[in-house]
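Report on the following structure.
The values are calculated or read from the model by the stated rules, or taken from the named source; none is laboratory data. Model, not experiment: these values are computed from the prediction. Counting neighbours? That spans all protein chains shown, and the Cβs are built from the backbone with ideal geometry, glycine included. With ligands, DNA and RNA removed, areas are computed over all heavy atoms of the protein, side chains included. Shrake-Rupley method; radii C 1.70, N 1.55, O 1.52, S 1.80 Å.
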Amino acid sequence: MSYSVVFVEDEQIVREEIVSSIRWDLLGLELVGTASDGLSGENLIKEKEPDIVITDIRLPAQDGLTMLSNCPVNHAIILTGHADFSYMKSAIRLGVFDYLLKPIDDEELEETLASLVRKLQEEDREYEDLKKKEHSKSELIPLPKQAGNHVINATIAYIAETYSEPVGLQEAAAYLDLSESHLSRLFKEVTGLNFLQYLNAYRINQSAIMMRDPKLNISEIATNCGFPTPGYFAKIFKRFIGKTPTQFRDEVDTL
């Protein structure tokens with residue numbers, strides 16, 4: 001299995017050098033598109049919905065962090081020619097995997113990408129653990145509703161109340177008055193899943209329930225379950241359930 005990558009960089013020489021020199025196939029990656037400014041990058045990311053985004057911070061039209069915040073991105077690598085660590089806090093909140101200073105060393109970037117691929121593979125295995133039983137049209141993803149830990153119980157309750165809104169680890173941590181790193185570590189230790197995996201699984205479960213209502217179309221269900229676009233919803237739904245929302249709904253309709 002290969003993971004898709006979008007690369008956004010305004011310096012043509014840097015962009016062409018990285019595109020040609022990184023051994024994408026060897027790393028298990030597929031470069032599906034490049035862009036030279038933040039707005040084009042945003043449109044490309046929304047179109048391709050890649051597994052990984054590599055981007056400069058300082059881009060024409062809009063900066064890289066604004067671009068990432070406007071898109072459904074789970075994994076990003078930041079490249080920058082400026083040791084401006086005022087960006088770091090925002091980058092961490094957006095789930096940026098690593099932050100590399102220019103001039104970029106090909107070997108360092110490949111090592112970073114290899115580490116991120118290993119992380120993605122680990123996440124895929126965790127998703128598969130959620131799907132130990134084959135999901136039929138009547139089965140949902142098994143999730144703990146009580147975890148024997150009051151902080152995690154409160155987090156699960158928060159997700160149940162706010163899953164339809166654009167919330168994430170940052171908002172949950174602020175609501176519980178905890179640091180993001182502490183909540184992230186504790187959630188994984190107690191539930192065996194990271195926060196985003198649990199949140200997405202909960203949203204997918206709710207969407208599966210909503211699909212039994214023929215009056216709701218798939219775009220409405222995606223919005224009602226907190227997904228930014230129907231395309232991103234379909235991608236996450238298939239990852240969890242093993243079929244597209246349309247395929248799932250067609251099976252529900254035959255019951």
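Can you say whether Thr254 is open to solvent by 70 Å² or more (accessible area, probe 1.4 Å) and either at pLDDT 90 or above or polar (S, T, N, Q) (or both), as far as the supplied structure shows? So Thr254 fits the description; yes. Residues in the stretch 219-255 that are within 17 Å of the chain's Cα centre (by Cα), more than 24 Å from Arg125 (Cβ to Cβ) and hydroxyl-bearing (Ser, Thr, Tyr): Thr223, Thr229. Contact annotation: no residue pair with Cβ atoms under 6 Å, 6 or more positions apart or on different chains, pairs a residue in the stretch 10-23 that is among the small types (Gly, Ala, Ser) with a partner that is surrounded by fewer than 17 Cβ atoms within 10 Å (Cβ to Cβ) and in a loop (DSSP other than H, G, I, E, B). The residues of the stretch 177-232 that are among the hydroxyl-bearing types (Ser, Thr, Tyr) and within 15 Å of Pro142 (Cα to Cα), listed by number, are Thr191, Tyr198, Tyr202, Ser207. Answer yes or no as to whether Ile236 is out of contact with any Cys (no Cβ under 6 Å at 6 or more places or on another chain) and at pLDDT 90 or above. Judged against the criteria, Ile236 is not a match. If only residues of the stretch 186-231 that are out of contact with any Leu (no Cβ under 9 Å at 6 or more places or on another chain) and of a type in the set (Ser, Thr, Tyr) are counted, the one that is most open to solvent (accessible area, probe 1.4 Å) is Thr223. Selection of first residues in the stretch 51-69 that are under 25 Å from Met1 (Cα atoms) and of second residues that are part of a loop (DSSP other than H, G, I, E, B) and at pLDDT 90 or above, restricted to Cβ pairs under 9 Å at least 6 apart or on distinct chains, gives the following pairs, ordered by first then second residue: Ile54/Glu9; Thr55/Glu9. Does at least one position in the stretch 101-117 carry a residue that is open to solvent by 80 Å² or more (accessible area, probe 1.4 Å) and at pLDDT below 70? Scanning the stretch 101-117, I find no residue that is open to solvent by 80 Å² or more (accessible area, probe 1.4 Å) and at pLDDT below 70, so the answer is no. Residues that are within 18 Å of Pro245 (Cα to Cα) number at least 1 in the following helices (runs of 4 or more DSSP H) confined to the stretch 152-224: 195-210, 218-224.
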